[in-house]
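What follows is calculated from the coordinates using simple rules that are stated; it is not laboratory data. Quantities reported herein were computed from a predicted structural model and do not represent experimental measurements. So basically every Cβ, Gly included, is an ideal-geometry build from the backbone, and we count neighbours across all protein chains shown.
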Amino acid sequence: MPRKRSELQITDPTALRVLAHPARQRLITELFAGEVLTATEAAQLVGLTPSATSYHLRALEKAGVVVRDESTSDARQRPWRAAADSFSIRPEAYRDSGVDAWDANLSGWFTDIRAGVQRAERAMTAGRDDVGRMSHGRLWLTWEEVQELGDRIAEITDEYRGRTRSDHPEGARAWDSYVLMLPMEEME
């Protein structure tokens, strides 16, 4: 019987603002991809000192996004992991936080997406075909259907969760995945 996945739901605008820092967004990406990292290991990924990275990890811990991993007996290592399998930001967090929080959170995604498209372009120019996949479409859905579709997409991606830098099938490489379902302009 498959394990029930856990989802952290961000509803607090204060927690949303904590997520807005670019280094924290990168930490979230790595930890929610299944990595368990010490501040020193995480610092190498985000390009900060271990001390600065530790500060960001503690801020994320205070917001309930990450937790200390107790799987090691070496207290000096103090690894960190995601507080859940996935997280979502609920509308009430955005409603009470203002447009700046939206922009700050999404700007990190836009930067990463832009960099991914540039990597894909370089790979295509070099003659490679394994450059990713993008699609865009319009669906007419009720709010309940949007939630259901999001849950179904999460179920599919859950099949591949838990793979990390050090534990993945031979030939696998990391792919960034983004799912956005945004409302269109109200039409009369």
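Numerical summary
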item	result
Given charges at beta-carbon only (K, R positive; D, E negative), |dipole| of the chain in Debye	780
Kirkwood-type radius of the range 1-149, with distances r between different C-alpha atoms, in Å	17.5
Residue order, fewest to most surrounding Cβ atoms within 10 angstrom, among Leu16, Leu48, Leu106	Leu106, Leu48, Leu16
All Cα pairs of the range 74-116, percent lying beyond 16 Å	61
Share of pairwise Cα separations in the range 146-188, more than 11 Å, in percent	76
Sorted peptide list for 144-151, 78-85, 178-185, criterion being average Cβ within 10 angstrom, highest first	78-85, 144-151, 178-185
